[in-house]
1. Tell me which lysines have Cα within less than 27 Å of residue 34's Cα, excluding those fewer than 8 residues away on the same chain?
2. For a protection proxy built on the mean count of beta-carbon atoms within 10 angstrom, sort 72-78, 129-135 highest first, please.
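Just so it is clear, none of the values below were taken in a lab; they were calculated from the coordinates. All of these numbers come straight from a predicted model, not from anything done at the bench. No Cβ is skipped: glycine too gets one built from the backbone with ideal geometry, and neighbour counts run over all protein chains shown.
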Amino acid sequence: MNRFDLSPYRRSMVGFDRLFDMIENQNRGQTGEKYPPFNIERRGEDAYRITLAVAGFKPADLDITAHQNLLVVQGRKGEETTDGEFLHVGIAQRGFERRFELADYVRVESADLADGLLTIDLVREVPDAVKPKKIAIGGQTRLEVVDNGDEDTSAAA
């Protein structure tokens, strides 16, 4: 069974349309392409790193584009001239495109290419306006941001 029917969940869960679309698009978009290989690493509570093996690519051959919730990494090899004739070509010379769905409030912090590995560091920064707030009962007008390990972020409304 290749397809999972999400329609019963769509009827009873309001506001999750984007999540269901992502799940359905993930299944559609898998073409079996395994190049280049990559790792995804969690480096902290809100820090991540994607590492792609891009041997033979120069920084000018790579393009990293961050859309709202999508990170696209493309590689295009330029024409290289050699003095000799290849008897065997085993090093991949083809272009590629890798797409990574990003969660809300995840942004690209930096990218680096060293030793044939492209590393992309990501950080999740949730704005204070979106963080959960405690609501006082009884007519008090004081709101407090729920503490999640950050510094004291109390605010008066």
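1. Of all the lysines, those that pass the test against residue 34 - Cα under 27 Å, at least 8 places apart if same chain - are 58, 77.
2. 72-78, 129-135
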